[in-house]
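Taken together, the values in this text are just the output of simple stated rules run on the coordinates, not laboratory data. Keep in mind that what you see is a predicted model, and the values were worked out from it rather than measured. As a convention, Cβ positions derive from the backbone with ideal geometry for all residues, glycine included, and neighbour counts pool all protein chains shown.
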Ligand code: G4P
């Protein structure tokens, strides 16, 4: 998505070879008009899949996910809990973040998923794929289907994309970054 690439080049900062700061429009302050266009792009791409729910992971996935308004389905936020909840009302799975060096229990209330659901999972970053795979585990545990994965910024040089491709998921990333270095941001050349 050209407008997103331009925004990343203009306002993003590559801190080093692995981390891209985009606090000014995605992770801290949010650009609502850009989010609207991002949501539209996801909705257009996935509109023929019979999506029944959009899932995202708190917190930075929420803005782009809620903007997939055109799909006209509920949006569910997968919560990050510090510890296990010991009752039968939730699905939980442990996710470890390589980038942040932390772990959490990704949590979904059983009330908000059904085995017939066809789910579009949207997140802000795809790096190592741990968060996305945690979301997929919860959806599959409920017997529902992952019908697509929408990513705002993919760091294609990290293993997440390949892991999801290898499992046959349809991943649509709006910006694919091939290389980062201090002051350098390069995108994958799309064929
Ligand atoms: P993974 O889920 O793909 O394995 O990624 P990883 O665990 O490595 O990333 C953990 C957190 O760091 C995620 O945010 C992810 O969005 C974020 N992240 C990863 N790489 C970058 C990057 O280059 N730039 C920025 N800005 N964020 C990155 P989170 O902890 O879930 O936080 P949030 O959604 O509350 O913002």
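I need every pair where a residue in region 121-149 that is free of Cβ contacts under 8 Å to residues at least 40 places away in the same chain and within 20 Å of residue 4 (Cβ to Cβ) has its Cβ under 6 Å from the Cβ of a residue that is away from the ligand (no atom under 13 Å from the Cβ) and outside any strand (DSSP E or B), sequence separation at least 6 or different chains.
From region 121-149, the pairs are 149/169.
Going by the conditions given, is residue 98 farther than 10 Å from residue 55 by Cα, within 13 Å of the chain's Cα centre (by Cα) and within 10 Å of the ligand (Cβ to nearest atom)?
no
How many residues does region 21-57 contain that are farther than 24 Å from residue 115 by Cβ, in contact with a strand residue (DSSP E or B) (Cβ under 6 Å, 6 or more places away or on another chain) and surrounded by fewer than 20 Cβ atoms within 10 Å (Cβ to Cβ)?
Looking only at that region, the number is 2.
Regarding residue 108, is this residue within 15 Å of the chain's Cα centre (by Cα), more than 30 Å from residue 181 (Cβ to Cβ) and crowded, with 16+ Cβ neighbours inside 10 Å?
no
Residues in region 80-103: is at least one within 25 Å of residue 19 (Cβ to Cβ) and buried (at least 23 other Cβ atoms within 10 Å of the Cβ)?
no
Just checking, how many residues over region 55-90 are farther than 30 Å from residue 44 by Cα and more than 16 Å from the ligand (Cβ to nearest atom)?
The qualifying residues number 8.
Looking at residue 181, is it surrounded by 15 or more Cβ atoms within 10 Å (Cβ to Cβ) and either over 23 Å from residue 48 (Cα atoms) or near the ligand (Cβ under 9 Å from one of its atoms) (or both)?
Here the answer is no, as residue 181 does not meet what is asked.
Among what's in region 1-20 and is surrounded by fewer than 13 Cβ atoms within 10 Å (Cβ to Cβ) and free of Cβ contacts under 8 Å to residues at least 60 places away in the same chain, pick the residue that is nearest to residue 190 (Cα to Cα).
Here the residue is 2.
Could you run through region 122-155 and say how many residues are away from the ligand (no atom under 12 Å from the Cβ) and touching a strand residue (DSSP E or B) at 6+ places or on another chain (Cβ under 9 Å)?
Going through region 122-155 one residue at a time, the tally reaches 12.
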